[in-house]
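**Student:** Quick one: structure below, then a few questions.
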Amino acid sequence: MGKITFFEDRDFQGRCYNCISDCPNLRVYFSRCNSIRVDSGCWMLYERPNYQGHQYFLRRGKYPDYQHWMGLSDSVQSCRIIPHTRSHKLRLYERDDYRGLMSELTDDCACVPELFRLHEIYSLHVLEGCWVLYEMPNYRGRQYLLRPGDYRRYHDWGGVDAKVGSLRRVIDLY
């Protein structure tokens, strides 16, 4: 079980809302979000309702303003708790529909192009655990939550293109 608290103002000020489960529409509870405290669990935040728009991965900690979670604005309109798993495994493919060269990953990868000599990944199969895909190396840029399942094309994970820079397992470090 997780717990996250959203605050309308920076530095944990203003109206707040405590959340303990997935919420497809946070606009009911607040109009803007400028700081967050994650008491437990790992969470994915979404810029728009119904888990749409830019995604932001947060684990336990305090985020006094939206720049601390790499947010582009004070818009957080939906959130998802990410289930904890012990093992992680995914397969990367250089072409859509699981074609071309396949590589397997069971640990974090700070630079996909360096490790696999691929700058673009067109399909993925998440076999175990949840992952966060980053469009740039060293866990920077747009973020996408990957849950167990099939991603036949980059559109399936919400990507605007096939650029994959890094991948991180979702684990609660505490």
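The values are calculated or read from the model by the stated rules, or taken from the named source; none is laboratory data. Note that the structure is predicted; figures quoted are calculated from it, not measured. Glycine gets a Cβ as well: all are built from the backbone with ideal geometry, and neighbour counts include every protein chain shown. All accessible areas refer to the heavy atoms of the entire protein, side chains included, with ligands and DNA or RNA removed. Shrake-Rupley method; radii C 1.70, N 1.55, O 1.52, S 1.80 Å.
**Student:** Residues with beta-carbon under 14 Å from that of residue 79, excluding residue 79: net charge, scoring Lys, Arg +1 and Asp, Glu -1?
**Tutor:** Summing Lys and Arg as +1 and Asp and Glu as -1 gives +3.
**Student:** What whole-number distance in Å separates the alpha-carbon centres of segment 1-78 and segment 115-174?
**Tutor:** The distance from the Cα centre of segment 1-78 to that of segment 115-174 comes to 21 Å.
**Student:** Restricted to Cα positions, what overall size does segment 65-161 have along the principal axes? Three whole-Å values, descending.
**Tutor:** Rounded to whole Å, the extents work out to 41, 26, 23 Å.
**Student:** Under a 10 Å cutoff between Cα atoms, tell me which one of 143, 55, 13 has the largest fluctuation in the Gaussian network model of the chain.
**Tutor:** 13
**Student:** If you take every DSSP beta bridge whose two residues both sit in the chain, what share of them, in percent to the nearest 5, is antiparallel?
**Tutor:** 100 percent
**Student:** Once you place label points 7 Å from the Cα toward the Cβ at residue 138 and residue 150, how far apart are they in nm?
**Tutor:** Reported label-point gap for residue 138 and residue 150 is 3.8 nm.
**Student:** Apply the Karplus parameterisation 6.51 cos²θ - 1.76 cosθ + 1.60, with θ equal to phi minus 60°, to every residue of segment 144-151 and state each ³J(HN,Hα) to the nearest whole Hz, in sequence, with x for glycine and proline.
**Tutor:** 9, 7, 10, 9, x, x, 9, 10
**Student:** At a probe size of 1.4 Å, how large is the accessible area of residue 101, to the nearest 10 Å²?
**Tutor:** Here the residue's solvent-accessible area equals roughly 90 Å².
**Student:** I want to check the label-to-label distance for residue 40 and residue 127. Put each point 7 Å from Cα in the C-beta direction and report it in nm to one decimal.
**Tutor:** 3.2 nm
**Student:** Where does the charge balance sit around residue 93 when Lys and Arg score +1, Asp and Glu -1, over other residues with C-beta under 13 Å from its C-beta?
**Tutor:** -2
**Student:** Need one value: the accessible area of residue 21 in square angstrom, 1.4 angstrom probe, rounded to the nearest 10.
**Tutor:** 60 Å²
**Student:** 7 Å from Cα along Cα→Cβ at both residue 52 and residue 172: what's the point-to-point distance in nm?
**Tutor:** That separation, rounded to one decimal, is 3.1 nm.
**Student:** Identify the residues of segment 50-93 with backbone N under 16 Å of a label point that sits 7 angstrom from the Cα of residue 1 along the Cα-to-Cβ direction, or state none.
**Tutor:** Only 81-84 pass the distance filter.
**Student:** Also, I was wondering about something else. Could you please state how large a percent of the accessible area of the chain is carbon and sulfur, counting protein chains only and using a 1.4 Å probe?
**Tutor:** The computed percentage sits at 45.
**Student:** Quick check: residue separation of residue 95 and residue 114 times 0.36 nm, minus the Cα distance between them. What number comes out in nm?
**Tutor:** The span from residue 95 to residue 114 would gain 5.0 nm if fully extended.
**Student:** Please calculate how many Å² of accessible area segment 37-174 carries per residue, with a 1.4 Å probe and no DNA, RNA or ligand atoms counted.
**Tutor:** For segment 37-174, the solvent-accessible area averages 49 Å² per residue.
**Student:** Now for a different question. DSSP loop chymotrypsin sites (Phe, Trp or Tyr not before Pro) in segment 29-89 with at most 15 other Cβ atoms within 10 Å of their Cβ, which ones?
**Tutor:** Hits after loop and neighbour filter: 29.
**Student:** Largest first and in whole Å, give the semi-axes of the chain's equivalent ellipsoid, each being the square root of 5 times a Cα gyration tensor eigenvalue.
**Tutor:** In descending order, the three semi-axes are 30, 15, 14 Å.
**Student:** What does the extension gain come out to for residue 84 and residue 106, with contour length at 0.36 nm per residue minus their alpha carbon separation?
**Tutor:** Extending this stretch completely gives an extra 6.4 nm.
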